[in-house]
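S.K.: Submitted below is the structure of interest, expressed as structure tokens.
The values are calculated or read from the model by the stated rules, or taken from the named source; none is laboratory data. These numbers were taken from a predicted model, which means no experiment stands behind them. Cβ atoms come from the backbone with ideal geometry, glycine included; neighbour counts cover every protein chain shown. With ligands, DNA and RNA removed, areas are computed over all heavy atoms of the protein, side chains included. Shrake-Rupley method; radii C 1.70, N 1.55, O 1.52, S 1.80 Å.
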Amino acid sequence: MAKEKESSFKRSDGRKLNEMRPMIAKVGIIPNADGSAMFTFGNTIAIAAVYGPRKLHPQHMQNPQKAVLRCNYDLLSFSVSDRKKPGPSRRSQEISKVTEWALSPALDLNSFPNTVVDVQIYILQADAGTRTAGINAASLALAHAGIPMRDLICSVAVGKLDKNLVVDLTKEEEDFEEGEGATDFAMAKIANSDEFTLMQLDGKIQPEVINEVTKLATEACKQIYEVQKKALKDVVESNGGKK
Amino acid sequence: MEISNLTKETLIRMFKEGKRFDSRQLTELRDIEVSYNVSNKAEGSARVKIGKTEVVVGVKMAMGEPYPDSPDKGNLTVSADLLPLASPRFEMGPPDFPGIELPRLVDRIIRESHIIQLDKLVIKEGEKVWTVFIDVYPINDDGNLIDAASLGAVAALKNAKIPMLDKDGKIDYDKDSKESIPLTKDISPLSFSFFKIGDSVILDPTREEEEAADARITFGISKWNGQYVINSCQKSGEEPLTQAEIENMMSVITKKFDEVTQKLKKYI
């Protein structure tokens, strides 16, 4: 019964329910950084730079066992319709923190005691899915910086529009108000494993639907992973991995 | 992150011989590239690359009250954020002096050139005017950020459209606008920052050269009715500049203004 409803539902941009927006990934975009990347979902553009491992000040923040991962996510003032006042907001601070948690399980920071790995993520153009695009870019930038990693992290939002599950919402879809309204479920997972490292939800979703959500996210993440791998291969082939 | 004395001494010696690490002449500029549409949410935006230095600049507009001393003029606000993304030298937290100085310099370069016709940005005199926000973000700092930022600001302004209003006079971002920001015809300011290192003066330094500098002076320049005009000027650093050095800069700057203006024709 639910199946029938799904197939009749039309997305505003004509995509299939499980179809993602076109993705572009590019590695090595910021020469100063130790690693850098851009990742786009349709009109959402994220860039990320990694600096480190480098010495962490003040000293009391250092961890003698391993490097500290420090993420910073923010929007450029002109990436959104109503100008965003420059500087950190509560929203950006929260996203920075969940991004840190999303990325750290893939990293092996034990070889770099007392240092910090800084991950800087900025959104140039926002059309929903900024935190997930940011995590995808950051994962690439970390790999590009040569930080030891178990695997890449892939991230995507699964949404529910009324009763239909859809992948990779646009801003227009996020504002969907019919029926049960729009629910946005941002997820990240370790690429070749079924471990999720980010789960952030706004809206309402039935417990039994969650399983379906994780399946959809897993399928989407496979596609993201391929785009990410290709971007990393491209940079190695074009200049031997040098920045 | 300061450069070593050894590097500085080497630079001073090379500049004396008129040489640079990247084989440019002392006042030779790196390649300049301009592109547009960094963000489709901005009223106008531009990306400027000068060598490895990259800056993005966006223009946003909002309605607000005019300042009491200029009830018949729109407002201009320039801000900049030296993102830690762009350089290992930039840190999070409140801006330090370079982060404060950069937008103020760009503001004066733009404002004093009168490229924006602020008197045409009035919606209701004394009550409601447009504020033009110019926001500058470095993406990769390899020196000469100020000149890159002012160039980006001009490019973004020329590319910007005034947003449309709905029936209630609120901004409607869904409507496409064709109305450009009122700019003064034929005025297109640029800035040139000269850096003094030892007894040599150079233009368009790389990060390394900039860090070796003892003094910097930034000029905003434009051309009105065929006349060159210096609209703004600010010197920084402890080393003084001699009369001869300043005179020499004035002869270089007009040539460079024409050279860059010519180069930019295909972009702006």
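S.K.: Please work out the average accessible area per residue across the protein assembly as shown, using the 1.4 Å probe convention, and give it in Å².
M.R.: Result: 47 Å² of accessible area for each residue.
S.K.: Where a Cα-Cα gap under 16 Å defines reach, which aspartates and glutamates qualify for residue A:222, not counting those fewer than 8 residues away within the same chain?
M.R.: Within the straight-line limit of under 16 Å, residue A:222 reaches these aspartates and glutamates: A:19, A:151, A:168, A:194, A:195, A:212.
S.K.: How many angstrom lie between the Cα centre of region B:189-225 and the Cα centre of region A:202-234?
M.R.: So the two Cα centres are separated by 50 Å.
S.K.: May I have the pair-distance distribution P(r) for region A:2-239, computed from all Cα-Cα distances with 10 Å bins from 0 and rounded to whole percent?
M.R.: Pairs per bin, as whole percents: 8, 33, 35, 18, 5, 1.
S.K.: Another question, then. Which whole-Hz ³J(HN,Hα) couplings does region A:222-228 yield from phi under the Karplus relation 6.51 cos²θ - 1.76 cosθ + 1.60, θ = phi - 60°, glycine and proline marked x?
M.R.: 4, 5, 4, 4, 5, 4, 5
S.K.: Looking only at Cβ-Cβ distances, which cysteines of chain A have no other cysteine closer than 4.7 Å?
M.R.: A:71
S.K.: So, one more: Order B:23-35, A:41-53, A:141-153 from most to least packed using the mean count of other Cβ atoms within 10 Å.
M.R.: The densest-packed peptide leads the list: A:41-53, A:141-153, B:23-35.
S.K.: Averaged over peptide B:33-43, how many Cβ atoms belonging to another chain are found within 10 Å of each residue's Cβ?
M.R.: The per-residue average across the peptide is 5.
S.K.: How would you order A:77-89, A:226-238 from highest to lowest mean count of nearby Cβ atoms within 10 Å?
M.R.: Sorting A:77-89, A:226-238 by mean packing, highest first, produces A:77-89, A:226-238.
S.K.: Which peptide among B:215-228, A:19-32 comes first, and what is the full order, when sorted by highest mean count of other Cβ atoms within 10 Å?
M.R.: A:19-32, B:215-228
S.K.: Under 24 Å Cα-Cα from residue B:8, which lysines qualify once same-chain neighbours fewer than 8 residues away are excluded?
M.R.: Reachable lysines: B:16, B:19, B:52, B:196, B:235.
S.K.: With only Lys, Arg, Asp and Glu charged, each at its Cβ (+1 for the first two, -1 for the last two), find how big the charge dipole of region A:2-239 is about the Cα centre; round to the nearest 20 debye.
M.R.: The dipole of region A:2-239 has a size of about 660 debye.
S.K.: Using only protein heavy atoms and a 1.4 Å probe, how much accessible area in total is buried between A and B, to the nearest 100 Å²?
M.R.: 2400
S.K.: Here's a follow-up. Just checking the output field for A:39-51: average partner chain Cβ neighbours within 10 Å of each residue's Cβ?
M.R.: 2
S.K.: What size of dipole, in debye to the nearest 20, comes out for region B:5-264 about its Cα centre when the only charges are +1 on Lys and Arg C-beta atoms and -1 on Asp and Glu C-beta atoms?
M.R.: Dipole magnitude for region B:5-264 comes out near 600 debye.
S.K.: Another one. Out of the total accessible area of the protein assembly as shown (probe 1.4 Å, heavy atoms of protein only), what percent is carbon and sulfur?
M.R.: Carbon and sulfur atoms account for 50 percent of the accessible area of the protein assembly as shown.
S.K.: Averaged across A:121-131, how many Cβ atoms of other chains sit within 10 Å of each residue's Cβ atom?
M.R.: That average works out to 3.
S.K.: Whole-Hz Karplus ³J(HN,Hα) for region A:208-221, in order, using 6.51 cos²θ - 1.76 cosθ + 1.60 and θ = phi - 60°, x for Gly and Pro?
M.R.: Each residue's phi maps through the Karplus curve to give 6, 7, 4, 4, 5, 4, 5, 5, 4, 4, 4, 4, 5, 5 Hz.
S.K.: Have a look at region B:64-80 and report residues whose accessible surface goes down by 10 Å² or more when the remaining protein chains are included, against the chain on its own, probe 1.4 Å, ligands and DNA/RNA excluded.
M.R.: B:79
S.K.: So who's got an amide H within less than 5 Å of the one on residue B:162, skipping anything under 5 residues away but keeping other chains? H placed 1.01 Å off N, in plane.
M.R.: When sequence neighbours closer than 5 places are left aside, the close amide H contacts are B:179, B:180, B:181.
S.K.: Follow-up. Straight-line reach from residue A:26: which aspartates and glutamates have Cα under 14 Å away, leaving out those fewer than 8 places along the same chain?
M.R.: A:226, A:234, A:237
S.K.: Amide H neighbours of residue B:206 under 5 Å, at least 5 residues apart or on other chains, H built in the peptide plane: list them.
M.R.: none
S.K.: Would you compute, for the Cα atoms of region B:5-264, the largest minus smallest coordinate along each principal axis and list the three values in descending order, in whole Å?
M.R.: Computed over the Cα atoms, the extents are 66, 40, 33 Å.
S.K.: Sum -39500 (n - 2.57) across every DSSP H segment of at least 4 residues in chain A, then divide by the residue count to get the 222 nm mean residue ellipticity, nearest 500.
M.R.: Estimated from H runs of four or more residues: -10000 deg cm²/dmol.
S.K.: Filter B:161/B:256; A:16/A:160; A:171/A:204; A:163/B:175; B:49/B:120 down to the pairs with a C-alpha to C-alpha distance above 23 Å, please.
M.R.: Exceeds cut-off: B:161/B:256; A:163/B:175; B:49/B:120.
S.K.: Under a 5 Å amide H to amide H cut-off, with H placed in plane at 1.01 Å, what residues pair with residue A:68 once short-range neighbours are removed?
M.R.: A:63, A:115, A:116, A:117
S.K.: Treating only the Cβ atoms of Lys and Arg (+1) and Asp and Glu (-1) as charged, compute the dipole magnitude of region B:7-123 about its Cα centre; round to the nearest 20 debye.
M.R.: Dipole size: approximately 520 debye.
S.K.: Largest first and in whole Å, what are the equivalent-ellipsoid semi-axes of the protein assembly as shown based on the Cα gyration tensor, each being the root of 5 times an eigenvalue?
M.R.: So the equivalent ellipsoid measures 42, 31, 18 Å along its semi-axes.
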